[in-house]
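Structure, as structure tokens:
Every read-out reported here was derived from the displayed coordinates using simple, explicitly stated rules and does not represent laboratory data. Since the model is a prediction, treat every value here as computed from it, not as a measurement. Cβ atoms come from the backbone with ideal geometry, glycine included; neighbour counts cover every protein chain shown.
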Amino acid sequence: MATQTTSIHGEWSGKLAFILAATGSAVGLGNIWKFPYITGENGGGAFVLVYLLCIALIGIPIMMAEILLGRRGRQSPMNTMALLAREAGGSPAWKLLGVMGVIAGFLILSFYSVIAGWALAYIERAATGAFTGLDKTGVEQLFSGLVGDWEKLLGWHTLFMALTVVVVARGVRKGLERAVSILMPLLFVILVLLVGYAIAQGDFSRAVDFMFKPDFSKLSGEAILIAMGHSFFTLSLGMGAIMIYGSYLPSHVSIGQVTLVVAIADTVVALLAGLAIFPIVFAQGLEAGAGPGLIFQTLPLAFGQMPGGVVIGTLFFIMLTFAAWSSAISLIEPAVTWMVERTPLERTSAAFAAGFIAWLLGIGTVLSFNEWSDVTWLGRTFFDNLDFLTTNILLPLGGLLICIFTAWVMRRKDVLDELELPDGALFELWHFLIRFFAPAAVVVIFLNSMGLI
Ligand code: PHE
């Protein structure tokens, strides 16, 4: 029942454990690989501004709602939604929100693992000194040599998926979380170091202008949709991952406080990644809109030229892999908890089954960088379509439904109880944001991107 205070799948030892795990989920390829490249593709400043507004006014309020639902239901997203709908007298169909999350998780993990495979491949390259002395063409060739070869990509994708499944299956999560709690701060230090290098060697002022001087003429309806979608993707919202993590959160921890810590850490990492990359892009005459290969072409140039680049580069790609790993386990978690609750499978077989499905789907992404690179649908490759469908449609839709459920279906008193916020101005502000502002913004941005308004 909703009054139950602990989850059958376990509980965090406390606030800090939750913050570490949720930050582990949030900080990943989205921050370091995706944020810079979509910023580059969408013209910079105005896009960054919309993204920051989306984090503050849509992402943070929805993250609070998603954690709140998880903690009150304390089960897989599907059963949590069914339980809370019953409690509030709503329709049992709300559990479809959980189903949608499981599907989105599979789809995202399938391409996430392929990109994380690139990071794995680059650990080897960095460590063997492959970047030393490379120029612009050299790094471009190095990158296309990897993504143009589907066998290599498949190998790295398989290795990354295996790593993910093993951690989820064997429940060695605690080990990974402990490792991440050391490696994430190290990743942060390396990013700061790279920003320092970019200030010294790159075109820093042009990069700052590019990222922070909004030029609204470059902002299309689709760019706004991408910025909003990314605010869901980067905070791991709208598909049940944060709901599950919330279900392990002890009662009486302030949801607002933990959300703020996670969201700020996530945003700072993304901005640092941008500040490390764009000065090098501009100084070396690279293309800001180079697409998914951006960091894999920019950073090797820097590592190849800086003193100690072999060590720093290797460490960087190791950290990036760990950051992706701790996000990947949260992508598969909704499916695994659901299978454990609903099928005869125990955790180990459920993890293997889920990993296998995502791995199989991932082959489409592997091929879309080589054999299928000319095969497009609606002007996008297989990978671009998957990314668009999940990030820009499924996650915001999940977020929209979370808002509607929390603000319009649940009883206000239950919401207030669970949130642990005093019944005052802050609560009212949050309630207004999830009741009116966030759902309206999501709908308006959707319609606007389709050219309907
Ligand atoms: N937030 C992760 C990242 O930025 C990706 C992710 C999305 C993880 C959705 C879980 C759920 O890399």
**Message:** Could you give me D for the chain, from Stokes-Einstein at 4 °C and 1.567 mPa s, where the hydrodynamic radius is the Kirkwood radius over C-alpha pairs? Units µm² s⁻¹, please.
**Reply:** 59
**Item:** 5 angstrom amide H check on D203, placed H, neighbours 5+ away
**Value:** I280, F282, A283
**Message:** With equal scatterers on the alpha carbons only and no solvent term, can you work out the Debye log10 of I(q)/I(0) for region 176-218 at 0.27 1/Å?
**Reply:** -0.88
**Asked** Can you give the Rg to Rh ratio of region 300-351, both from alpha-carbon atoms, with Rh computed by the Kirkwood formula?
**Response** 1.37
**Request:** Collect residues whose amide H, placed 1.01 Å from N in the peptide plane, falls under 5 Å from the amide H of S7; neighbours closer than 5 in sequence don't count.
**Result:** none
**Fill in**
Amide H proximity to R380 below 5 Å, modelled H, separation 5+ or other chain, gives none
**Asked** Counting only complete DSSP H runs, which helices of the chain cover 18 Å or more along their long axis at the Cα atoms and score a mean Kyte-Doolittle of 0.0 or above?
**Response** 60-73, 95-127, 150-170, 173-201, 221-234, 255-283, 309-342, 347-368
**Request:** Report P(r) for region 234-375: all Cα-Cα distances, bin width 5 Å, range 0 to the bin holding the largest distance, values in whole percent.
**Result:** 2, 7, 11, 14, 15, 15, 15, 10, 6, 3, 1, 0
**Message:** Could you compute the net charge surrounding L286? Neighbours are other residues with a C-beta less than 12 Å from the C-beta of L286; K and R count +1, D and E count -1.
**Reply:** -3
**Request:** Note down, for region 351-453, the three equivalent ellipsoid semi-axes (square root of 5 times each alpha carbon gyration tensor eigenvalue), biggest first, whole angstrom.
**Result:** 38, 20, 9
**Fill in**
Total charge of the residues flanking G44 in space, meaning their Cβ is under 9 Å from its Cβ, with Lys and Arg +1 and Asp and Glu -1, is 0
**Message:** Could you tell me the center-to-center distance, by alpha carbons, between region 248-318 and region 190-226 in angstrom?
**Reply:** 12
**Item:** Charge sum, other residues only, whose C-beta stays under 14 Å from F111's C-beta, Lys/Arg counted +1 and Asp/Glu -1
**Value:** 0
